[in-house]
Amino acid sequence: MTRHLPPGLGRVMLGTMLVVLSYSLLNPVLAVRLQTAGASNTAIGLVAMLPFISVALLVPLVPRLFARIGVGQAYRIGLVLELVACLGYLVTDAYVAWCLFGLLAGIGAAAAWNATEALIAHNVPASHRGRLTGLYQATLGAAMAAGPLLPGVTGIDSLQANGVAAAALALALLVTGPASVTALKAMHEGGPTMGILSALRFRPSLVWAAIVGGVFEVGLGSVTTAYGSQTGLNLAAATSIAGALGVGSFLLQYPTGWLADHLPPRRLFAGGAALLVLSGLAFTQATHWPVLIWVCAMAWGAVGGALYTLSMIRVAHDFADTSALAGTSAMIAGYTAGGALGPLVSGWVFDHHGVAGQGLWLGVLALSLLLIQLRRPAVST
């Protein structure tokens, strides 16, 4: 399977795995630092939301940037911006500065993330799209799981964890330095083009699945970690909640890709939505059974990540004759909108309605996806 892939693609996939490792380690640590400094859950949610706001706003501009300077070069510039933001958290504790660093990191992520997904969708053979996309997402899930668990395993404090996150970004820059990365293409020369708005209108149900996936996979880690710290958990135990999200994502990604090569997509989307409805209802009881925090977090990472993977696999099929770049941009815009919505709404709900309110709003969100999948026409694989 790898014989048919361009040589630089593997480097980009490895670089992005290091970026996710950095992100998954840094964000829960920042949430705990803010919580111990007395910040509210809403304020913590705002910091977690800002990178996703940047990504969602800039994704429509990314195709123009790729056309001007090339996909590989844009990818590396994105990594530099993320590294600068990560180092910024080491030099100041000022809340406003952290908000600015979050926006800067999102600008970098808009380039790096969109480049990776578009390159995979464009370059992977149709016969292996599900499995290779699932395998790639599984490596990201492993990174998401490993990052939050590092403080507990190694005993490092929050500033040391921040340093490790910066080192991972620096290593990603080194990995993606060779010329094979700059030679990569993400669209056919002279092929038909499609704007992101046209892509959103073309497959709105896929975009909604990506939004819901973003809320559950990456929009809940910070506020749920902060909630764990609020209940008295130490840094290692609190960040392990975010680790459970990553473990869930890792475990389900490759099976999701394999299933996508063999089963109708509507059945997979509807099944995932139903599981998320159940997890939301279960979380309402987490006050009485605290272990449900980790169980639900694992389900959120698993199914939220699966929804995003399924959306990207469908993009590679549905946009093959138009623009995989436009399709991936639309899915990333949706996913990042969910990643931004998740911490802000969840922080407010935690502050005003507690655990029961959090579980109920997540259950209603998942139910909306289930109803959309049950009503829309079936799409063949």
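The values are calculated or read from the model by the stated rules, or taken from the named source; none is laboratory data. This is a predicted model, so every value here is computed, not measured. As a convention, Cβ positions derive from the backbone with ideal geometry for all residues, glycine included, and neighbour counts pool all protein chains shown. Remember, those area values only see protein heavy atoms, side chains included, never the ligands or the DNA or RNA. Shrake-Rupley method; radii C 1.70, N 1.55, O 1.52, S 1.80 Å.
Per the helix-only calculation at 222 nm, which mean residue ellipticity applies to the chain, given -39500 (n - 2.57) for every DSSP H run of n ≥ 4 and division by its residues, nearest 500 deg cm²/dmol?
Counting only the DSSP helices, I get -28000 deg cm²/dmol.
Once phi is turned into θ = phi - 60°, what whole-Hz ³J(HN,Hα) does the Karplus curve with 6.51, -1.76 and 1.60 give for every residue of segment 76-93, x standing for Gly and Pro?
The phi angles translate into 5, 4, x, 5, 4, 5, 5, 5, 4, 5, 4, 5, x, 5, 7, 9, 8, 10 Hz.
Highest mean first, how do 289-298, 249-258 rank when packing is the count of other Cβ atoms within 10 Å averaged over residues?
Working: 289-298: 19.0, 249-258: 22.6.
Result, highest mean Cβ count within 10 Å first: 249-258, 289-298.
Using a 7 Å offset from the Cα along the Cα-to-Cβ direction at both Gln160 and Leu374, what is the distance between the two label points in nm, to one decimal?
Here the modelled spin labels are 5.1 nm apart.
Which one, Gly347, Val277, Gly257, projects farthest toward the positive side of the charge dipole computed for the chain from Cβ point charges (K/R +1, D/E -1)?
In the chain, that residue is Gly257.
How much of the accessible area of segment 1-190, probe 1.4 Å, is carbon plus sulfur, in whole percent?
Result for segment 1-190: 69 percent of the exposed heavy-atom area is carbon or sulfur.
Just to be sure I understand the model, the point goes 7 Å from the Cα along the line to the Cβ. What's the resulting Leu197 to Leu61 distance in nm?
1.7 nm
Rounded to the nearest 0.05, what FRET efficiency is calculated for Ile77 and Thr36 with R0 set to 30 Å and r the Cβ-Cβ distance?
0.30
Using a Gaussian network model on the chain with a 10 Å cutoff between Cα atoms, which of His353, His317, His262 fluctuates the most?
Looking only at His353, His317, His262, the largest GNM fluctuation is found for His262.
How high is the relative contact order of segment 194-380, given as a whole-number percent (alpha carbon pairs under 8 Å, six or more residues apart)?
42 percent
Answer rounded, prolate or oblate for the chain, using the Cα gyration tensor with square roots of eigenvalues a ≥ b ≥ c: rounded when a/c is under 1.5, else prolate when a/b is larger than b/c, else oblate.
Because a/c hits 1.5 or more and a/b fails to exceed b/c, the chain counts as oblate.
Stretch His353-Ala237 to full length: gain in nm at 0.36 nm per residue minus the Cα-Cα span?
Computed gain between His353 and Ala237 is 39.4 nm.
May I ask which residue of Ile53, Phe101, Gln137 lies farthest towards the positive end of the charge dipole of segment 1-190, with charges of +1 (Lys, Arg) and -1 (Asp, Glu) on Cβ and the Cα centre as origin?
Result: Gln137.
Modelling each spin label as a point 7 Å along the Cα-to-Cβ direction, I'd like the Ala94/His262 distance in nm, to one decimal.
5.7 nm
Per residue, what accessible area does the chain have, given a 1.4 Å probe and all protein chains present, in Å²? Don't skip to the end; give the middle numbers.
Details: 14600 Å² over 381 residues.
For the chain, the solvent-accessible area averages 38 Å² per residue.
What is the chain's relative contact order, in percent, from Cα pairs under 8 angstrom and six or more apart in sequence?
It comes to 29 percent, rounded to a whole number.
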